[in-house]
Amino acid sequence: MGCIYKRGNIYWIKYYRNGKPYQESSGSTKENKAKQLLKKREGEIAEGKVPGIVFDKVKFDDLAKDLLSDYRINGRKSLDRLEYSINHLKKHFEGTRATEITTPRIRKYIEARLEHGAENGTINRELAALKRMLNIGAQQTPPRVDRVPFIPMLKENNVRKGFFEHGDFLALRNALPEYMKGFATFGYKTGWRKTEIETLTWAQVDREQGIVRLEPGDTKNDDGRTVYLDTELQEIFKSQWDKRKTAKKIISYVFPNEEGTDRIKDFRGAWKKACTEAQIGKRLFHDFRRTAVRNMVRSGIPERVAMMISGHKTRTIFDRYNIVNADDLKQAASRQEAYLQSQMVTKTVTVTDFSKKTALSGSRKPFDYQDGAREGTRTPTA
């Protein structure tokens with residue numbers, strides 16, 4: 001049985017679960033408050049639940065560590081993106097008890113992120129990470145989270161619009177630091193994901209044949225991929241190899257960072273600066289993926305082959321990237337106009353046998369005849 005006692009002016013309670021004693025402050029100077037809390041805890045234990053005091057000890061930081069561990073154990077490829085989301089969540093929830101992560105608190109987080117200019121999609125990825133860590137806590141034995149609060153998600157506009165015209169790309173490449181030029185060119189031409197290019201190693205490159213391979217498991221959809229390098233890309237890879245031979249530290253990555261000590265990781269600062277200097281407005285590296293798909297299809301490459309190069313597994317996602325712009329729409333209008341004009345030519349049908357006309361049409365007067373002649377013409381209307 002539990003008991004009630006005082007520490008100073010505050011009433012505390014003591015109770016047992018599986019022979020283990022628990023002590024908890026009622027936070028009140030009134031004995032009735034302590035009695036109510038003790039009754040609640042004993043009721044939870046009788047129902048086989050973990051007493052609430054256990055959940056009060058779990059903090060956001062603990063749940064975040066569990067989620068990161070889960071990603072590492074399962075070899076999730078989006079670990080970098082998760083760390084980015086958790087860093088933003090920490091600014092609002094670090095040190096917070098799991099029981100204090102409520103829907104109103106989450107709404108305040110959303111408002112704060114929106115005020116700082118975060119996109120709806122970015123916020124949703126962060127909220128998804130928060131929900132996942134809470135679910136992992138609730139699914140553990142014994143559980144570390146007693147309930148997962150409702151987490152409102154924002155409406156996203158997933159229409160793919162951003163892409164590069166070739167002149168925009170050339171302007172951007174000229175403005176990028178030297179170590180980024182080959183990296184950007186490869187992304188622009190192949191449509192590979194940023195992380196796939198960042199982690200590309202020389203073991204995946206056949207320099208003699210001009211082939212680059214991604215093995216199954218190295219890609220987001222776990223499918224392997226093979227790309228043949230064109231002349232420009234072969235020259236870029238040759239240059240990267242020559243630089244590697246003279247570098248102070250030999251690393252396995254095809255595109256090392258500016259210092260040449262590791263792979264390229266966070267280049268947002270250099271990218272933003274280059275976009276400004278090139279005067280092309282706000283662009284994303286992911287726009288290369290959309291651009292490559294569009295360029296391959298427009299150049300006559302079969303869509304199935306384009307999907308194999310870019311790594312799109314489903315036709316639905318591929319179609320979302322195969323976007324059109326104003327020039328495509330203008331060309332469509334011109335082609336439609338030319339087609340309709342070709343249909344405006346008047347065609348004359350000559351019939352020499354009235355009985356044939358009647359049999360074919362099922363009517364005694366299928367055509368209008370000129371001057372009452374038995375041999376007539378019909379001019380179809382548009």
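The values are calculated or read from the model by the stated rules, or taken from the named source; none is laboratory data. Computed from a predicted structure; not experimentally measured. Don't worry about glycine lacking a Cβ; one is built from the backbone with ideal geometry, like all the others, and counts go over all protein chains shown.
Can you tell me which residue within region 55-103, out of those that are among the small types (Gly, Ala, Ser) and assigned to a helix (DSSP H, G or I), is nearest to His116 (Cα to Cα)?
Ser85
Please verify whether Phe150 is more than 15 Å from the chain's Cα centre (by Cα), under 30 Å from Gln279 (Cβ atoms) and assigned to a loop (DSSP other than H, G, I, E, B), treating the condition exactly as stated.
Answer is no for this residue.
Can you tell me which residues in region 178-206 are farther than 24 Å from Ile301 by Cβ and charged (D, E, K, R)?
The answer is Glu178, Lys181, Glu198.
Taking region 129-169 only, how many residues are small (Gly, Ala, Ser), closer than 17 Å to Lys65 by Cα and without any contact (Cβ under 8 Å) to a residue 24 or more places away in the chain?
Counting residues in region 129-169 that are small (Gly, Ala, Ser), closer than 17 Å to Lys65 by Cα and without any contact (Cβ under 8 Å) to a residue 24 or more places away in the chain gives 1.
Over 23 Å from Lys77 (Cβ atoms), surrounded by fewer than 14 Cβ atoms within 10 Å (Cβ to Cβ) and not hydrophobic (A, V, I, L, M, F, W, C): does that describe Ser252? Walk me through how you get there before you give the answer.
On the way: over 23 Å from Lys77 (Cβ atoms): no; surrounded by fewer than 14 Cβ atoms within 10 Å (Cβ to Cβ): yes; not hydrophobic (A, V, I, L, M, F, W, C): yes.
The answer is no for Ser252.
Could you tell me which of the residues Lys238, Lys189 is touching a residue at least 24 places away in the same chain (Cβ under 8 Å), surrounded by 20 or more Cβ atoms within 10 Å (Cβ to Cβ) and assigned to a helix (DSSP H, G or I)?
Testing whether each residue is touching a residue at least 24 places away in the same chain (Cβ under 8 Å), surrounded by 20 or more Cβ atoms within 10 Å (Cβ to Cβ) and assigned to a helix (DSSP H, G or I) leaves just Lys189.
Considering (1) touching a helix residue (DSSP H, G or I) at 6+ places or on another chain (Cβ under 6 Å); (2) closer than 20 Å to Thr141 by Cβ; (3) part of a helix (DSSP H, G or I), say which one Tyr22 fails and leave the rest.
Single failed check for Tyr22: (3).
Among the numbered criteria (1) out of contact with any helix residue (DSSP H, G or I) (no Cβ under 7 Å at 6 or more places or on another chain); (2) at pLDDT below 85; (3) part of a strand (DSSP E or B), which single criterion is violated by Tyr15?
The one condition Tyr15 does not meet is (1).
Report yes if some residue within region 34-50 is outside the structural domain of Asn135 (by TED's automatic domain parsing) and touching a residue at least 60 places away in the same chain (Cβ under 8 Å); otherwise report no.
Looking for residues that are outside the structural domain of Asn135 (by TED's automatic domain parsing) and touching a residue at least 60 places away in the same chain (Cβ under 8 Å), one finds at least one in region 34-50, hence yes.
I'd like to know if region 290-297 contains one or more residues that are of a type in the set (Val, Ile, Thr), at pLDDT below 85 and more than 20 Å from the chain's Cα centre (by Cα).
Yes, region 290-297 has at least one match.
Of everything in region 97-119, what is of a type in the set (S, T, N, Q) and surrounded by fewer than 16 Cβ atoms within 10 Å (Cβ to Cβ)? Give them in sequence order.
Across region 97-119, the qualifying residues are Thr102, Thr103.
Are any residues in region 196-214 in contact (Cβ under 8 Å) with a residue 60 or more places away in the chain and surrounded by fewer than 17 Cβ atoms within 10 Å (Cβ to Cβ), and if so, which ones?
Those that are in contact (Cβ under 8 Å) with a residue 60 or more places away in the chain and surrounded by fewer than 17 Cβ atoms within 10 Å (Cβ to Cβ): none in region 196-214.
Go through (1) modelled with pLDDT of 85 or more; (2) part of a helix (DSSP H, G or I); (3) surrounded by fewer than 16 Cβ atoms within 10 Å (Cβ to Cβ) for Gly43 and report which single condition fails.
Of everything listed in (1) modelled with pLDDT of 85 or more; (2) part of a helix (DSSP H, G or I); (3) surrounded by fewer than 16 Cβ atoms within 10 Å (Cβ to Cβ), Gly43 misses just condition (1).
Identify the single condition in (1) under 16 Å from the mean Cα position of the chain (by Cα); (2) modelled with pLDDT of 90 or more; (3) over 27 Å from Phe255 (Cβ atoms) that Asn157 does not satisfy, given that it satisfies every other one.
So Asn157 meets the others, but not (2).
Yes or no, residue by residue, for (1) in contact with a Phe, Trp or Tyr (Cβ under 7 Å, 6 or more places away or on another chain); (2) touching a residue at least 60 places away in the same chain (Cβ under 8 Å); (3) of a type in the set (Ser, Thr, Tyr); (4) not assigned by TED's automatic domain parsing to the domain that holds Lys181:
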| residue | (1), (2), (3), (4) |
| --- | --- |
| Ser252 | yes, no, yes, no |
| Lys265 | no, yes, no, no |
| Gly269 | no, no, no, no |
| Arg294 | yes, yes, no, no |
